[in-house]
Amino acid sequence: MPSDGILLRPAPLHSRASINPLIIVHVAVIAILCVLVLYPALIVVNQAIRDDRGALSFVWFIQAYTTPRNYAAILNTLIIAASTSLLAVGLGTTIAWAVSRTNMPGRGLVELSSLIPFIAAPLVGALAWILLGSPEVGLINQVWHAFGGPGNIVNIYSLAGIIFVEVLYETPMVVLIVASALRSMDSSLEEASFSSGAGTAQTTLRITLPLVLPAILASGLLVFILAAEQFAVPAVLGTPSRIRVLTTSIWEAQSVYPPRDGLAGALSVTLLVIALVGLWLYRRILGRRSFTTVKGKSGGTKRLNLGKLRWLLFALCLIYLLCGVVLPVSTIFLSSIRKIWTADFRWEQFTLDNYRVALFGYPMAQRAIVNSLLLAVFGAAATILFCALISFLSLRSRFAGSALMDAMSIIPMGFPGIVLAVGLLHAWSTPPFVLYGTIWILFVAYLTRFLPVGVRTLSASLTQLHPELEEASLSCGANWLQTLRHIVIPLLRPSLIAGWALLFVAFTRELSASILLYSPKNEVLSVVIYTMYQEGGFRTLCALTMLQIAVAVVILALTKIDLTTEGQAAR
């Protein structure tokens, strides 16, 4: 095996007269990444530092940081992101520890079920909990009143309600990351702790958790980023109670006429800084995972015997699954087959008309289904092939800029969707390349936003492939493109399919960027569902949501995706 595992090298000095085609491709990929990642960011910054006349000014930053409404939005964003991160880390770490290190019953069921929110969109959870916890029509409050209870016991239209729903849908990310670290940890130190007389609680708190602390902190920072950039949940649950966050404020600034581009840019820069600082800390901490004791001579992973406490832990996991999976999905389904949402479940109130209306009586929904499927099928395919090219060049070449290529492919991880949308909206709405008003601008947004998912998934698989087959191909006279086509891609076929399926799901549920970039006749499913919510069409939107979830589940089932494995690789 070569010492550096590098296959593709620059052309020798004596061949300077001829241009190596691989160098051209290498430069082209870096240029494309600059256009996709850096260009929108520069557009946003340029908007933020210019006044209405185009002169350099910090007036928009002053307004963003001194206006009470915007100050409240920044404060709410930090409160929601911090609270969601802390609670999701606590809950997710507990579930990860339970399924990977203990003898809790039903571990496989709990782990797989806890990943279902990873498939469904946070918008689905927000809509479901409106039907469950709304002061007016919430089923929980209706049942409470039926038993003579005074007032309401749940109000989902609150800061606590937003945090609650975001915790439910960000916890799976913590489970993926922490469970992976726990499984790779040698159990010999835990056994030594038990031999010294320590109990389960002492061993867990003093040995196990400190050893996987980098993974725990990294997952917490990642959840902080995701919660700060969340648009759907604050928009749906915060608007009725006038709770504003940065994402909804940016959307409002771009939605009014005339658009307040400078204010949207200043608020976007604020959100971008928060996300990029979190991403930088995340990468720093994740890079220090090496002290989690992965040894060549491992004693294996032995599960802790919790005795009767295992049932208490199982009950805690079931409560999460009830709130995050069973109640939301069943509520959306029941609402989709009923004429009116009430605690009275008489047979005559059930109907399939909502599905008929969603499929045949709502032209916008019909266009959205077609557009979403086109983007998800063909857009995800193009994206995963581009990610394969990036992974191949960054891992198998020695050209200057290979490390830069890999780093740039990760930057969108810290790009909030709505910030990316603001940049793309102005970058591609003027000549020479006018994409706004077409479905192509949505494709560019999705490709950029989910680039890290595809690159991380394929890079993790490519590093496991020995380069000797590629070297043999090159030695037999094949060029790099033939090697990529006939050797690398066939070997990566399972990962390519897995990455495509994950991108398919991500493309169909994306809302943060879509809400600003869509145009008439170019709507997508997530936008139509949100529009139906604003118009009060709950029954129809629930039917459309169930169709969206069903398609995602079918795609994942057909491709036989192991979300646990792919989620770990995507890190």
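Brief remarks follow.
- Meets criteria (over 23 Å from the mean Cα position of the chain (by Cα), in contact (Cβ under 8 Å) with a residue 40 or more places away in the chain and in a helix (DSSP H, G or I)) for Ala82: no
- Counted residues, the stretch 144-163 - those being surrounded by fewer than 19 Cβ atoms within 10 Å (Cβ to Cβ), of a type outside the set (A, V, I, L, M, F, W, C) and either within 30 Å of Glu229 (Cβ to Cβ) or in contact with a strand residue (DSSP E or B) (Cβ under 8 Å, 6 or more places away or on another chain) (or both): 2
- Within the stretch 196-287, helices (runs of 4 or more DSSP H) holding 2 or more residues that are at pLDDT 85 or above: 213-228, 246-255, 261-286
- Ser512 vs. criteria buried (at least 21 other Cβ atoms within 10 Å of the Cβ), among the hydroxyl-bearing types (Ser, Thr, Tyr) and outside the structural domain of Trp251 (by TED's automatic domain parsing): yes
- Conditions (1) modelled with pLDDT under 85; (2) in a loop (DSSP other than H, G, I, E, B); (3) crowded, with 22+ Cβ neighbours inside 10 Å: number failed by Glu523: (1)
- Taken together, the residues in the stretch 398-445 that are part of a helix (DSSP H, G or I), farther than 27 Å from Phe224 by Cβ and of a type in the set (Ser, Thr, Tyr) amount to 1.
- Residue list for the stretch 534-548, filter: crowded, with 20+ Cβ neighbours inside 10 Å and either part of a helix (DSSP H, G or I) or modelled with pLDDT of 85 or more (or both): Phe538, Arg539, Thr540, Leu541, Cys542, Ala543, Leu544, Thr545, Met546, Gln548
- Note on the stretch 116-137: residues that are in contact (Cβ under 8 Å) with a residue 24 or more places away in the chain, surrounded by 19 or more Cβ atoms within 10 Å (Cβ to Cβ) and either in contact with a strand residue (DSSP E or B) (Cβ under 8 Å, 6 or more places away or on another chain) or in a loop (DSSP other than H, G, I, E, B) (or both) total 2.
The values are calculated or read from the model by the stated rules, or taken from the named source; none is laboratory data. Bear in mind the structure is a predicted one, so any value in this text is a computation, not a measurement. Virtual Cβ from ideal backbone geometry, glycine too; neighbours counted across all protein chains shown.
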